[in-house]
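Take a look at the structure set out below.
The values are calculated or read from the model by the stated rules, or taken from the named source; none is laboratory data. These figures come from a predicted structure and were not determined experimentally. Cβ: placed from backbone, ideal geometry, glycine included. Neighbour counts: every protein chain shown. The area values use the complete protein model at the heavy-atom level, side chains included, leaving out ligands, DNA and RNA. Shrake-Rupley method; radii C 1.70, N 1.55, O 1.52, S 1.80 Å.
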Amino acid sequence: MTSVKKLTILFFVMILTSCISQKDGLQNVNQGIKGTVKWLEGNMMPSPEEPNLAKGRGVERQLFIYEAVNFNKVEGQAPLFKKINATLVKKVKSNTEGIFACELPEGTYSVFTSEPDGLFFANSFDGNGLINAVKVERNKVSVMSIEVNYKAAY
């Protein structure tokens, strides 16, 4: 095989690999966060007929990533907030399967979903009062799962 053919094949393999690794436009992340957003609604109590009901389904959402936020910097009542009084770092959208990823510098962030009624959702709180906090370390990707469950019953 000639070197031109080898280079052509290598070029197409690289393009194909790139497309596969960036499914639905998601970028490869070397440092930042990635994860899933799941929608849960209705009765989430598992039963013999539906044992996996409580897993939810992936959902497309706009995510707002702020510098770490505590309850002093939000307006509204958990888990739905009217306003976030903090520095917005980045916006990223999950795909239709609920998968998201984005590059971020080192630091601690709070992640909120934007809900159809214009409110911000977050339902995870740590012992220091931070809302839906995630820590990004140098050259690492933090994985998080967001369960949007304000219309679910347990």
(request) Quick one: which residue in 92, 111, 143, 136 is more than 10 Å from the chain's Cα centre (by Cα) and not polar (S, T, N, Q)? (result) 136
(message) Of all residues being assigned to a strand (DSSP E or B) and under 16 Å from residue 111 (Cα atoms) in the stretch 45-68, which is most open to solvent (accessible area, probe 1.4 Å)? Just the residue, please.
(response) 67
(request) Return a yes/no flag: does the stretch 85-107 have any residue that is more than 28 Å from residue 31 (Cα to Cα) and free of Cβ contacts under 8 Å to residues at least 60 places away in the same chain. (result) no
(request) Only residues that are hydrophobic (A, V, I, L, M, F, W, C), more than 22 Å from residue 151 (Cα to Cα) and part of a loop (DSSP other than H, G, I, E, B): list them for the stretch 69-110, please. (result) 69, 86, 104
(message) For the stretch 116-133, give me each residue that is more than 18 Å from residue 151 (Cβ to Cβ) and open to solvent by 30 Å² or more (accessible area, probe 1.4 Å).
(response) 125, 126, 127, 128, 130, 133
(message) The conditions are (1) in a strand (DSSP E or B); (2) over 22 Å from residue 83 (Cα atoms); (3) open to solvent by 80 Å² or more (accessible area, probe 1.4 Å), and residue 138 fails exactly one of them. Which is it?
(response) (1)
(message) I'd like to know if the stretch 36-44 contains one or more residues that are surrounded by 10 or more Cβ atoms within 10 Å (Cβ to Cβ), among the acidic types (Asp, Glu) and at pLDDT below 75.
(response) no
